[in-house]
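Engineer: Shown below is the structure under consideration.
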């Protein structure tokens, strides 16, 4: 039997994917919100004058960057409960994995952005009597934050797509929902096409939103 | 106001300050001149401890800057600095640049700080730029904002680190004019500069630093008219020939 593309199946699939989409969105937003906080803390620790903090952040970043997220997810969901005796719900495990994983990359984005600010800014802040922390907060961070937006956009898109890996720990997200639909109707071509379109729409949305934010934060409009 | 005793500063193996003693009295304008790499900016940066002195003592307004226990944030507000590269905060309006110190360091309420900020911007001739951003200003205007930012702290002394060296020649005058006005009003100033005309006209005392040591100092009349040190004669010859 020759393959027959059925566009109507693609359209019918979208509403069925909504169930999975909810999880994908929840994990992405929750994971990245926590991941940004983790990343900001680890990034600041990485440039701290305190060697202990620097090392701690370094170990975190290298460990997470150096291992596949799939391994991290399976270790957390299947491995850790064997040691702790406490099972973690898939959704929570998913959010933790995305948070910890994106946090490591965001830490490097934060560190790079802060170090790219002219050291004269820190000197000027200190010279008017601000403390190091005040200078960081009022002078360095606001300038660094603007520079973080493009690489953060990349990371947000990567993390959104990475949520699809969480199907291996039984999170009913978008891709897994698609897989379940295929198991019933055998229309792999149409269903996975629809799944891909949904991811694409979301990633394009993130890119747009961040470009708008970047424009909004520009100091002098139009420049 | 400032007392420097036997200041030494090394960067790694390189000793750039080799024992400097300097005393700046309240209301005095001291200009420091010397060739590039002579250590003159480093002396200035040791005064507010942007650089950590290797040895020696520095007392600013009664505070021992070389004592690690000294709260440098207070001292830095009393001995604030104007930089060669201006170092304005680009993400803040001109007015906000000026009011940040009074509000965060002096604890002034923001309405009062804005009033003070506008007065000071008027004083440096930039009242109409209050709500612009630094990138919309010329170099000379930026430096005048930086001076207003320093004045807003109501400091006891202002340290100027080559304030006109990054400016286009036609913009130097407007900055020197503001500095002359401050000098007339009795502000204590330590100025590292290449502007011999300014030093001659405004300084109470001129200091020549070369090779990490003070080679000669004196009132500008005798200092420029009758230099004793051969290195100073050589330096002045080169500078004035230009």
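The values are calculated or read from the model by the stated rules, or taken from the named source; none is laboratory data. In this text the structure is predicted, and so the values were computed from the model without any measurement. Counting neighbours? That spans all protein chains shown, and the Cβs are built from the backbone with ideal geometry, glycine included.
Engineer: Quick one: which residue in B:159, B:171, B:182 is part of a helix (DSSP H, G or I) and in contact with a strand residue (DSSP E or B) (Cβ under 8 Å, 6 or more places away or on another chain)?
Structural biologist: Details: B:159 fails: part of a helix (DSSP H, G or I); B:171 fails: in contact with a strand residue (DSSP E or B) (Cβ under 8 Å, 6 or more places away or on another chain).
Selected residue: B:182, the only one of B:159, B:171, B:182 that is part of a helix (DSSP H, G or I) and in contact with a strand residue (DSSP E or B) (Cβ under 8 Å, 6 or more places away or on another chain).
Engineer: Anything in region B:116-154 that is surrounded by 17 or more Cβ atoms within 10 Å (Cβ to Cβ) and part of a loop (DSSP other than H, G, I, E, B)? List them, or say none.
Structural biologist: B:124, B:126, B:130, B:133, B:137, B:152, B:153
Engineer: Within region B:23-53, count every residue that is touching a strand residue (DSSP E or B) at 6+ places or on another chain (Cβ under 7 Å) and either free of Cβ contacts under 8 Å to residues at least 12 places away in the same chain or in a loop (DSSP other than H, G, I, E, B) (or both).
Structural biologist: Matching residues across region B:23-53 total 10.
Engineer: Let me ask something else. Just name the residue that is farthest from residue B:74 (Cα to Cα) out of those in region B:93-115 that are within 12 Å of chain A (Cβ to nearest Cβ) and not in a helix (DSSP H, G or I).
Structural biologist: It comes out as B:93.
Engineer: So residue A:151 passes all but one of these: (1) within 14 Å of chain B (Cβ to nearest Cβ); (2) touching a helix residue (DSSP H, G or I) at 6+ places or on another chain (Cβ under 9 Å). Which condition number does it fail?
Structural biologist: (1)
Engineer: Conditions: (1) over 22 Å from residue B:28 (Cβ atoms); (2) surrounded by fewer than 16 Cβ atoms within 10 Å (Cβ to Cβ); (3) away from every other protein chain (no Cβ under 13 Å). Residue B:62 meets all but one. Number of the miss?
Structural biologist: Condition (1) is where residue B:62 drops out.
Engineer: Would you mind stating whether residue B:72 is buried (at least 23 other Cβ atoms within 10 Å of the Cβ) and under 18 Å from residue A:122 (Cβ atoms)? Talk me through it step by step, then tell me what you get.
Structural biologist: Working: buried (at least 23 other Cβ atoms within 10 Å of the Cβ): no; under 18 Å from residue A:122 (Cβ atoms): yes.
So residue B:72 fails the test.
Engineer: Further question: Quick one: which residue in A:215, A:208, A:187 is away from chain B (no Cβ under 14 Å), without any contact (Cβ under 8 Å) to a residue 24 or more places away in the chain and over 24 Å from residue A:26 (Cβ atoms)? Outline the logic, then answer.
Structural biologist: Details: A:208 fails: over 24 Å from residue A:26 (Cβ atoms); A:187 fails: without any contact (Cβ under 8 Å) to a residue 24 or more places away in the chain.
Of A:215, A:208, A:187, the one residue that is away from chain B (no Cβ under 14 Å), without any contact (Cβ under 8 Å) to a residue 24 or more places away in the chain and over 24 Å from residue A:26 (Cβ atoms) is A:215.
Engineer: While we're looking at this one, here's another question. Go through B:112, B:143, B:136, B:85 for me and flag whichever is touching a strand residue (DSSP E or B) at 6+ places or on another chain (Cβ under 8 Å) and at pLDDT 95 or above.
Structural biologist: Values: B:112 fails: touching a strand residue (DSSP E or B) at 6+ places or on another chain (Cβ under 8 Å); B:136 fails: touching a strand residue (DSSP E or B) at 6+ places or on another chain (Cβ under 8 Å); B:85 fails: touching a strand residue (DSSP E or B) at 6+ places or on another chain (Cβ under 8 Å).
Selected residue: B:143, the only one of B:112, B:143, B:136, B:85 that is touching a strand residue (DSSP E or B) at 6+ places or on another chain (Cβ under 8 Å) and at pLDDT 95 or above.
Engineer: Please report, ordered by residue number, the helices (runs of 4 or more DSSP H) entirely within region A:78-147 with at least 3 residues that are over 30 Å from residue B:108 (Cβ atoms). So that I can check it myself, show each step before the final result.
Structural biologist: Details: elements: A:80-84, A:90-115, A:119-127, A:132-135.
The qualifying helices (runs of 4 or more DSSP H) are A:80-84, A:90-115.
Engineer: Tell me whether region B:68-89 contains one or more residues that are away from chain A (no Cβ under 13 Å), more than 18 Å from the chain's Cα centre (by Cα) and within 20 Å of residue B:16 (Cβ to Cβ).
Structural biologist: no
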